[in-house]
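The values are calculated or read from the model by the stated rules, or taken from the named source; none is laboratory data. The model shown is predicted, which means the values in this text are computed figures rather than measured ones. In this analysis, Cβ positions are derived from the backbone assuming ideal geometry, glycine residues included, and neighbour counts consider all displayed protein chains.
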Amino acid sequence: MYARYTELEFEAADREKVLALWRDMAVPSASVQPGWRGSTILESQDTPGVLRLVTLWDAPEDFERYYTGPEHVGLSDAIKASGMRGKVRDGLTAHHAAIPRGPLYRVIRATVPPERTAEVEGFWRETGRPMMLRASDNIAAEAFWAGEGNFTIVSEWRSAAAAQTFLDGAEHKEFGRTMDSFGAHVTERIVGGRIA
(Lines give C-alpha, C1' and ligand atoms only; values in the text may rest on other atoms or scores of the structure.)
Protein backbone atom coordinates (compact mmCIF):
# COMPACT_ATOMS: atom_id res chain seq x y z
CA MET A 1 0.00 0.00 0.00
CA TYR A 2 1.16 3.54 -0.81
CA ALA A 3 0.66 6.60 1.40
CA ARG A 4 0.88 10.23 0.41
CA TYR A 5 1.77 12.74 3.15
CA THR A 6 1.28 16.50 2.83
CA GLU A 7 1.70 19.28 5.37
CA LEU A 8 0.03 22.63 4.77
CA GLU A 9 -0.05 26.00 6.53
CA PHE A 10 -3.00 28.40 6.55
CA GLU A 11 -4.06 31.64 8.23
CA ALA A 12 -6.05 31.10 11.42
CA ALA A 13 -8.82 33.38 10.15
CA ASP A 14 -9.33 31.05 7.17
CA ARG A 15 -9.77 27.91 9.29
CA GLU A 16 -13.46 27.24 8.53
CA LYS A 17 -12.97 27.85 4.81
CA VAL A 18 -9.96 25.53 4.74
CA LEU A 19 -11.71 22.72 6.62
CA ALA A 20 -14.79 23.08 4.37
CA LEU A 21 -12.61 22.69 1.28
CA TRP A 22 -11.30 19.33 2.52
CA ARG A 23 -14.73 18.16 3.69
CA ASP A 24 -16.74 19.25 0.65
CA MET A 25 -14.27 19.01 -2.23
CA ALA A 26 -10.95 17.29 -1.58
CA VAL A 27 -11.99 14.12 0.26
CA PRO A 28 -15.05 13.48 -1.97
CA SER A 29 -12.83 13.95 -5.02
CA ALA A 30 -10.14 11.51 -3.84
CA SER A 31 -12.57 8.95 -2.45
CA VAL A 32 -14.03 8.04 -5.84
CA GLN A 33 -10.65 7.47 -7.53
CA PRO A 34 -9.50 3.98 -8.51
CA GLY A 35 -7.04 2.67 -5.94
CA TRP A 36 -8.00 5.09 -3.13
CA ARG A 37 -8.17 3.39 0.27
CA GLY A 38 -8.63 6.18 2.80
CA SER A 39 -7.87 9.75 3.88
CA THR A 40 -7.08 11.35 7.21
CA ILE A 41 -7.06 15.14 7.66
CA LEU A 42 -5.24 16.16 10.85
CA GLU A 43 -5.34 19.66 12.31
CA SER A 44 -2.46 20.48 14.66
CA GLN A 45 -3.50 21.42 18.20
CA ASP A 46 0.01 22.53 19.17
CA THR A 47 0.64 24.69 16.09
CA PRO A 48 -2.48 26.57 14.92
CA GLY A 49 -2.75 26.91 11.17
CA VAL A 50 -1.18 23.56 10.26
CA LEU A 51 -2.89 20.63 8.53
CA ARG A 52 -1.27 17.25 8.01
CA LEU A 53 -2.88 15.00 5.41
CA VAL A 54 -2.43 11.29 4.73
CA THR A 55 -4.09 9.52 1.82
CA LEU A 56 -3.79 5.77 1.25
CA TRP A 57 -3.65 4.14 -2.19
CA ASP A 58 -3.19 0.64 -3.53
CA ALA A 59 -0.09 1.73 -5.46
CA PRO A 60 1.89 4.88 -6.34
CA GLU A 61 0.49 4.70 -9.87
CA ASP A 62 -3.05 5.18 -8.55
CA PHE A 63 -2.07 8.41 -6.81
CA GLU A 64 -0.06 9.66 -9.81
CA ARG A 65 -2.98 9.06 -12.16
CA TYR A 66 -5.21 11.18 -9.92
CA TYR A 67 -2.51 13.80 -9.20
CA THR A 68 -1.84 14.45 -12.90
CA GLY A 69 -5.52 14.36 -13.93
CA PRO A 70 -7.84 17.32 -14.50
CA GLU A 71 -9.83 16.80 -11.29
CA HIS A 72 -6.73 17.24 -9.11
CA VAL A 73 -5.69 20.32 -11.13
CA GLY A 74 -8.99 21.92 -10.10
CA LEU A 75 -8.38 20.89 -6.49
CA SER A 76 -4.85 22.35 -6.55
CA ASP A 77 -6.26 25.64 -7.82
CA ALA A 78 -8.82 25.69 -5.01
CA ILE A 79 -6.13 24.95 -2.41
CA LYS A 80 -4.01 27.85 -3.67
CA ALA A 81 -7.04 30.16 -3.75
CA SER A 82 -7.79 29.28 -0.12
CA GLY A 83 -4.39 30.63 0.95
CA MET A 84 -3.00 27.24 2.03
CA ARG A 85 0.73 26.82 1.50
CA GLY A 86 2.50 23.49 1.14
CA LYS A 87 5.37 22.80 3.55
CA VAL A 88 6.12 19.08 3.14
CA ARG A 89 5.14 16.48 0.55
CA ASP A 90 6.26 12.87 0.68
CA GLY A 91 5.38 9.48 -0.77
CA LEU A 92 5.57 6.64 1.73
CA THR A 93 5.32 2.87 1.80
CA ALA A 94 2.45 1.95 4.12
CA HIS A 95 3.40 -1.24 5.96
CA HIS A 96 0.25 -1.33 8.04
CA ALA A 97 -2.99 0.61 7.68
CA ALA A 98 -5.58 0.40 10.44
CA ILE A 99 -9.00 1.01 8.90
CA PRO A 100 -11.98 1.53 11.21
CA ARG A 101 -14.96 -0.78 10.83
CA GLY A 102 -18.50 0.17 11.67
CA PRO A 103 -20.69 -1.58 14.23
CA LEU A 104 -23.70 -1.31 11.87
CA TYR A 105 -23.94 -2.57 8.29
CA ARG A 106 -26.60 -1.81 5.70
CA VAL A 107 -26.78 -3.92 2.55
CA ILE A 108 -29.08 -2.91 -0.30
CA ARG A 109 -29.51 -5.20 -3.29
CA ALA A 110 -31.21 -4.02 -6.47
CA THR A 111 -31.69 -5.04 -10.06
CA VAL A 112 -30.83 -2.59 -12.83
CA PRO A 113 -31.73 -2.88 -16.53
CA PRO A 114 -28.52 -4.07 -18.23
CA GLU A 115 -28.58 -1.14 -20.66
CA ARG A 116 -28.48 1.34 -17.70
CA THR A 117 -25.54 -0.16 -15.80
CA ALA A 118 -23.01 2.37 -17.10
CA GLU A 119 -25.25 5.24 -15.95
CA VAL A 120 -25.71 3.67 -12.52
CA GLU A 121 -21.96 3.14 -12.17
CA GLY A 122 -21.21 6.73 -13.15
CA PHE A 123 -23.83 8.09 -10.76
CA TRP A 124 -22.46 6.00 -7.88
CA ARG A 125 -18.89 7.15 -8.46
CA GLU A 126 -19.63 10.83 -9.04
CA THR A 127 -22.62 11.49 -6.77
CA GLY A 128 -23.97 8.56 -4.74
CA ARG A 129 -20.83 7.43 -2.92
CA PRO A 130 -19.53 10.95 -2.13
CA MET A 131 -23.02 11.81 -0.84
CA MET A 132 -23.01 8.86 1.53
CA LEU A 133 -19.44 9.47 2.70
CA ARG A 134 -20.38 13.06 3.60
CA ALA A 135 -23.14 11.85 5.90
CA SER A 136 -22.48 12.22 9.60
CA ASP A 137 -21.10 9.02 11.15
CA ASN A 138 -20.81 7.11 7.89
CA ILE A 139 -17.61 5.03 7.93
CA ALA A 140 -17.63 3.36 4.52
CA ALA A 141 -19.70 3.02 1.37
CA GLU A 142 -18.96 0.52 -1.40
CA ALA A 143 -20.91 -0.81 -4.37
CA PHE A 144 -20.58 -4.09 -6.26
CA TRP A 145 -21.89 -5.79 -9.38
CA ALA A 146 -22.94 -9.38 -8.68
CA GLY A 147 -23.77 -10.67 -12.13
CA GLU A 148 -25.43 -8.74 -14.93
CA GLY A 149 -27.65 -5.97 -13.58
CA ASN A 150 -27.40 -7.01 -9.91
CA PHE A 151 -26.26 -3.95 -7.96
CA THR A 152 -25.33 -4.10 -4.27
CA ILE A 153 -24.45 -1.26 -1.88
CA VAL A 154 -22.71 -2.00 1.42
CA SER A 155 -22.41 0.86 3.92
CA GLU A 156 -21.04 1.01 7.45
CA TRP A 157 -22.30 3.35 10.16
CA ARG A 158 -21.41 4.23 13.73
CA SER A 159 -25.02 3.71 14.83
CA ALA A 160 -28.52 2.86 13.62
CA ALA A 161 -29.57 6.44 14.44
CA ALA A 162 -26.86 7.85 12.15
CA ALA A 163 -27.97 5.63 9.27
CA GLN A 164 -31.61 6.57 9.83
CA THR A 165 -30.79 10.28 9.82
CA PHE A 166 -29.22 9.86 6.40
CA LEU A 167 -32.15 7.76 5.14
CA ASP A 168 -34.63 10.43 6.28
CA GLY A 169 -32.67 13.29 4.71
CA ALA A 170 -33.11 15.16 1.45
CA GLU A 171 -29.93 13.79 -0.13
CA HIS A 172 -31.04 10.18 0.27
CA LYS A 173 -34.43 11.00 -1.20
CA GLU A 174 -32.69 12.50 -4.23
CA PHE A 175 -30.50 9.39 -4.43
CA GLY A 176 -33.63 7.23 -4.52
CA ARG A 177 -35.28 9.35 -7.21
CA THR A 178 -32.20 9.11 -9.41
CA MET A 179 -31.94 5.34 -9.00
CA ASP A 180 -35.65 5.06 -9.81
CA SER A 181 -35.03 7.01 -13.01
CA PHE A 182 -32.51 4.34 -14.03
CA GLY A 183 -35.14 1.64 -13.55
CA ALA A 184 -33.51 0.21 -10.42
CA HIS A 185 -35.68 -2.08 -8.30
CA VAL A 186 -34.69 -2.86 -4.71
CA THR A 187 -34.92 -6.59 -4.03
CA GLU A 188 -33.46 -6.83 -0.51
CA ARG A 189 -32.53 -4.67 2.46
CA ILE A 190 -30.36 -6.07 5.25
CA VAL A 191 -29.35 -4.29 8.47
CA GLY A 192 -26.81 -6.09 10.62
CA GLY A 193 -24.81 -5.47 13.76
CA ARG A 194 -21.16 -6.49 13.85
CA ILE A 195 -20.36 -9.45 16.11
CA ALA A 196 -17.53 -8.26 18.34
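Got at least one residue in the range 77-94 being farther than 23 Å from ARG134 by Cβ, of a type in the set (Lys, Arg) and outside any strand (DSSP E or B)?
Yes, some residue in the range 77-94 is farther than 23 Å from ARG134 by Cβ, of a type in the set (Lys, Arg) and outside any strand (DSSP E or B).
Modelled with pLDDT of 90 or more, among the acidic types (Asp, Glu) and more than 17 Å from ILE139 (Cα to Cα): does that describe GLU64?
Yes.
Quick check: is even one residue across the range 80-99 closer than 27 Å to HIS172 by Cβ, loosely packed, with under 12 Cβ neighbours inside 10 Å and not assigned by TED's automatic domain parsing to the domain that holds GLU188? Give the steps one after another, and end with the answer.
First, pick out the residues of the range 80-99 that are closer than 27 Å to HIS172 by Cβ: 99.
Checking the rest, the ones that are also loosely packed, with under 12 Cβ neighbours inside 10 Å come to 99.
Next, from what is left, pick out any that are not assigned by TED's automatic domain parsing to the domain that holds GLU188: 99.
So far as the range 80-99 goes, yes, one or more of its residues are closer than 27 Å to HIS172 by Cβ, loosely packed, with under 12 Cβ neighbours inside 10 Å and not assigned by TED's automatic domain parsing to the domain that holds GLU188.
Are any of the residues in the range 99-107 of a type in the set (Ser, Thr, Tyr) and under 19 Å from the mean Cα position of the chain (by Cα)?
Yes; the residues of the range 99-107 include at least one that is of a type in the set (Ser, Thr, Tyr) and under 19 Å from the mean Cα position of the chain (by Cα).
Give all pairs with beta carbons closer than 9 Å in which a residue from the range 116-129 that is within 15 Å of VAL154 (Cα to Cα) meets a residue that is among the hydroxyl-bearing types (Ser, Thr, Tyr); count only pairs at least 6 apart in sequence or on separate chains.
That search, which allows pairs on different chains as well, returns GLY128/THR178; ARG129/SER31.
Just to check your reading of the model, which residue among ASP77, ASP62, ASP58 is in the same structural domain as LEU8 (by TED's automatic domain parsing), charged (D, E, K, R) and loosely packed, with under 12 Cβ neighbours inside 10 Å?
ASP77
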